[in-house]
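K.L.:
One structure coming up, written as structure tokens, with questions to follow.
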Amino acid sequence: MERLEKLLANTGRWSRREAAELIRAGRVKADGAVVLRREEKFSEETLLQVDGETVSGARLVYLMLNKPAGLVSATEDPREETVLSLLPEHLRRVGLFPAGRLDKDTVGLLLLTNDGPLAHALLSPRRHVDKTYLVRVDGTLDETDEAAFRAGMTLADGLQCLPAGLERRGLDEALVTLREGKYHQIKRMCAARGKPVTYLKRLTFGPLALDEGLEEGAWRPLTEGELGALREAGGNC
Ligand code: URA
């Protein structure tokens with residue numbers, strides 16, 4: 001059993017203070033009845049509604065983060081600050097983790113969730129969920145780079161990469177699409193072409209596209225539509 005304001009805050013849509021306001025304003029129903037006392041306790045199975053919209057069943061949280069450079073994609077780290085430090089206190093205690101990793105200096109779309117089965121399905125190498133990155137390199141990209149990415153590169157250490165997309169956007173800029181996510185993959189692929197990466201930003205993860213309205217370091221809950229599309233991409237596990 002949890003306090004009503006906490007159950008609402010756990011959805012990631014409101015802070016505890018905002019949840020308390022909603023309750024005070026009579027906008028929250030539990031199993032169909034308006035609840036005005038925020039300290040009243042309910043189970044996670046209770047049907048919760050805000051302004052008539054169902055929000056319960058949401059102890060699973062899904063957040064889109066525009067990751068800034070300088071933070072590691074982990075839940076804890078002995079030396080470095082993690083992406084979880086961007087979240088308010090109440091969301092640091094609901095078991096969120098980054099679904100997939102971006103390097104410390106990579107920016108852009110990161111999904112934070114506590115839905116293990118969905119994250120696992122989306123990251124499974126068998127499922128080949130596409131990820132798109134904006135890449136800038138030191139050097140000039142040409143059609144031989146496109147062809148090498150398309151063919152599937154073999155890196156110096158023997159790593160065999162799946163065919164990948166490289167769509168040039170300028171002399172030193174491209175959209176790269178990967179169907180897998182090996183360690184430092186884009187940096188290693190570009191370095192193998194003699195054109196080291198100078199900037200890397202993830203724009204999409206399966207059907208999810210980075211909300212360009214999110215400043216670096218900002219996050220928001222996924223919309224129902226985004227979550228539905230993501231579940232579909234994960235095989236509705
Ligand atoms: N490829 C990389 O090299 N780094 C990332 O963070 C993501 C993809």
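K.L.:
Across the chain, how many lysine pairs, 8 or more positions apart or on different chains, have C-alpha atoms separated by under 17 Å? Please give the number.
P.N.:
Value for the chain: 15.
K.L.:
Please figure out what share of the DSSP beta bridges in the chain is antiparallel and state it in percent, rounded to the nearest 5.
P.N.:
Around 95 percent of the beta bridges assigned by DSSP in the chain are antiparallel ones.
K.L.:
Compute the angle between helix 224-233 and the longest alpha-carbon principal axis of the chain, please, reported from 0 to 90 degrees and rounded to the nearest 10.
P.N.:
Approximately 50 degrees, to the nearest 10.
K.L.:
Using just the Cα positions, wrap the chain in a convex hull and report its mean projected area in square nanometres, one decimal place.
P.N.:
Seen from a random direction, the Cα hull of the chain projects 14.2 nm² on average.
K.L.:
Let me cross-check ASP31: its accessible surface, 1.4 Å probe, with only protein heavy atoms counted, in Å² to the nearest 10?
P.N.:
Accessible surface of ASP31 is approximately 110 Å².
K.L.:
Kirkwood hydrodynamic radius for the range 131-205: how many Å is it when counted over pairs of different Cα atoms?
P.N.:
Numbers: mean 1/r = 0.0837 Å⁻¹.
After inverting the mean inverse Cα-Cα distance, the result is 12.0 Å.
K.L.:
Right, another one. From Cα coordinates alone, what are the radius of gyration and Dmax values for the range 2-55 in angstrom?
P.N.:
Cα-based Rg and Dmax for the range 2-55 come out at 9.3, 23 Å.
K.L.:
222 nm [θ] for the chain, helices only, -39500 (n - 2.57) per DSSP H run of 4+, per residue, to 500?
P.N.:
Using -39500 (n - 2.57) per qualifying helix, the result is -6000 deg cm²/dmol.
K.L.:
So what does GLU81 come to for accessible area, using a 1.4 Å probe and Å² rounded to 10?
P.N.:
That residue has around 110 Å² of solvent-accessible surface.
K.L.:
Okay, next question. Can you give the extra length, in nm with one decimal, that the chain gains between GLU2 and TYR199 once fully stretched, where that is 0.36 nm per residue apart less the Cα-Cα distance?
P.N.:
66.5 nm
K.L.:
Residue by residue, what Karplus-based ³J(HN,Hα) values in Hz, rounded to whole numbers, does the range 135-148 have, using 6.51, -1.76 and 1.60 with θ = phi - 60° and x for Gly and Pro?
P.N.:
Once rounded to whole Hz, the list reads 10, 10, 10, 8, x, 10, 7, 9, 5, 5, 5, 4, 5, 5.
K.L.:
If you average 1/r across every pair of different Cα atoms in the range 85-221 and take the reciprocal, what Kirkwood value do you get, in Å?
P.N.:
Result for the range 85-221 stands at 15.9 Å.
K.L.:
Using the Karplus curve 6.51 cos²θ - 1.76 cosθ + 1.60 with θ = phi - 60°, what ³J(HN,Hα) values do you get for each residue of the range 109-123, in whole Hz, with x for Gly and Pro?
P.N.:
My calculation for the range 109-123 gives 5, 9, 8, 10, 8, 10, 8, x, x, 5, 4, 4, 5, 5, 8 Hz in order.
K.L.:
Moving on to the next point. Using amide H atoms built 1.01 Å from N in the peptide plane, name the residues 5+ places from THR82, or on other chains, whose amide H lies under 5 Å from its own.
P.N.:
Those qualifying (amide H under 5 Å, at least 5 residues apart or on another chain) are VAL72.
K.L.:
Run the quick spin-label model on HIS128 and THR154: label points 7 Å from Cα toward the beta carbon, then report their separation in nm to one decimal.
P.N.:
The modelled label-to-label distance comes out at 2.0 nm.
K.L.:
Determine the distance separating the Cα centre of the range 193-209 from the Cα centre of the range 115-146; give it in Å without decimals.
P.N.:
Spelled out, the Cα-based centre of one part sits 7 Å from the other.
K.L.:
So who's got an amide H within less than 5 Å of the one on ARG169, skipping anything under 5 residues away but keeping other chains? H placed 1.01 Å off N, in plane.
P.N.:
Here ALA174, LEU175 satisfy the definition.
K.L.:
If you don't mind, another one. Just to verify a number: what accessible area does ARG24 come out at with the full protein assembly present, 1.4 Å probe, Å² rounded to tens?
P.N.:
150 Å²
K.L.:
Moving on to the next point. Once the piece of chain linking ALA192 and GLU146 is laid out straight, how much longer is it, given 0.36 nm per residue of separation minus the C-alpha distance between them?
P.N.:
Here the answer is 15.3 nm.
K.L.:
Now a separate question. Rounded to two decimals, what is Rg over Rh for the range 198-237 when you use alpha-carbon atoms and the Kirkwood radius? Numbers along the way, then the final one.
P.N.:
Numbers: Rg = 11.9 Å, Rh = 11.5 Å.
Value, to two decimals: 1.03.
The values are calculated or read from the model by the stated rules, or taken from the named source; none is laboratory data. Note that the structure is predicted; figures quoted are calculated from it, not measured. Note that each Cβ is placed from the backbone with ideal geometry, even for glycine, and that neighbours are counted across all protein chains shown. Keep in mind that these areas ignore ligands, DNA and RNA; they rest on the heavy atoms of the full protein, side chains included. Shrake-Rupley method; radii C 1.70, N 1.55, O 1.52, S 1.80 Å.
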